[in-house]
Amino acid sequence: MKNRWQIGAILMVAVLMAVAVPVSFAQPAPPAPPAQPAPRAHAAGIAIRSASYLGVSVMDVDSARAKALKLKEERGAEITRTDLSGPAAKAGVKVGDVVLEYNGQPVQDSAQLQRLVRETVPGHDAKLSVWRNGAAQAITATIESRHMAMIGGEPWFAVQVPPMPEMPPMPPMPAMPSFDFEIPHFQTVMQNSALGISGEPLGDEQQFAEFFGVKDGVLVKEVESNSAAERAGIKAGDVIVKVGETRVGSLRELTTALRAARSKGSYAITVVRNKKETPVTVTP
């Protein structure tokens with residue numbers, strides 16, 4: 001009987017201890033506040049900002065293209081690609097169209113069209129006169145604002161900028177060998193279809209100009225196969241400084257000088273190669 005009473009007392013004490021446990025011990029800990037995303041950082045030398053956007057890629061019109069397209073003049077900017085979600089495509093601009101006027105201003109080449117687009121405030125209309133199937137057509141596109149990757153202060157390409165997740169720290173980079181010279185960064189590369197090259201102006205890259213032994217000029221980055229430049233012996237790495245007696249320091253000046261020189265047949269171009277001026281003869 002005494003043993004039964006002792007067992008019952010022990011069970012009663014155990015029950016009372018279980019009931020007496022504080023409630024706060026049984027509750028889960030409050031959830032931690034969500035971590036705030038770290039601010040996004042961009043690579044050194046590259047900035048993202050809004051810029052005026054038409055949504056096309058263009059090239060200069062040479063004599064062969066002007067003849068094939070039945071143009072009255074050798075000028076304009078031919079559309080080579082369109083962004084299907086861009087203002088130009090939505091307005092009806094197509095690949096193969098040639099932009100002859102922009103808001104009433106005659107367009108001479110692709111560089112001028114790009115400048116006119118950059119100078120147009122987003123939300124404003126761009127009234128284009130385009131050449132299609134042997135006739136001029138009027139098209140109105142509304143310039144949009146897009147985020148652009150800016151390299152050296154110039155737009156490089158259009159990008160959509162989504163929220164970036166926090167990136168893990170980068171591992172240390174291995175030491176690079178040292179050189180006696182430093183090659184500055186390039187800004188833009190554009191094509192000149194009349195000559196058959198892709199070139200880069202050196203006027204804003206004084207260190208690079210000094211490296212090639214010039215004050216300014218157009219650095220040849222690539223020579224197209226079977227082009228007038230290849231037949232003349234122009235090579236990648238040459239710097240074009242003169243067409244005939246006309247000095248050139250930009251792609252626009254080169255295009256204008258070539259247009260005047262081609263009307264006379266064969267013409268001379270002066271290139272700097274190995275820091276020495278070398279004349280070549282170009283036959284269209």
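Structure data summary
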| read-out | value |
| --- | --- |
| Dimensionless Rg ratio for segment 190-282, taking C-alpha atoms and the 2.2 N^0.38 Å reference | 0.96 |
| Cα gyration tensor shape of segment 46-148, rounded if a/c is under 1.5, else prolate or oblate by comparing a/b with b/c | prolate |
| Selection of GluC sites (Glu not before Pro), segment 244-284, meeting DSSP coil and at most 15 other Cβ within 10 Å | Glu245 |
| Estimated FRET transfer efficiency (Thr256, Val121; beta-carbon r; R0 35 Å; 0.05) | 0.80 |
| Segment 210-251: C-alpha pair distances exceeding 14 Å, % | 50 |
| GluC sites (Glu not before Pro) within segment 55-108, DSSP loop, no more than 14 other Cβ atoms inside 10 Å | Glu73 |
| Under 23 Å from the Cα of Lys264 - lysines, other chains or at least 8 residues apart | Lys67, Lys70, Lys72, Lys242 |
| Inter-label distance for Lys90 and Gln137, nm, one decimal - labels placed 7 Å from Cα along Cα-to-Cβ | 1.9 |
| Ranking of Asp125, Asp62 by count of other Cβ atoms within 10 Å, fewest first | Asp125, Asp62 |
| Met167, Met59 arranged by Cβ crowding within 10 Å, fewest neighbours leading | Met167, Met59 |
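Since every read-out is calculated from the coordinates, none of them should be taken as a lab result. What you are looking at is a predicted structure, and each value in this text was computed from that prediction instead of being measured. Neighbour counts are summed over all protein chains in view; Cβ atoms, including those assigned to glycine, are modelled from backbone coordinates with ideal geometry.
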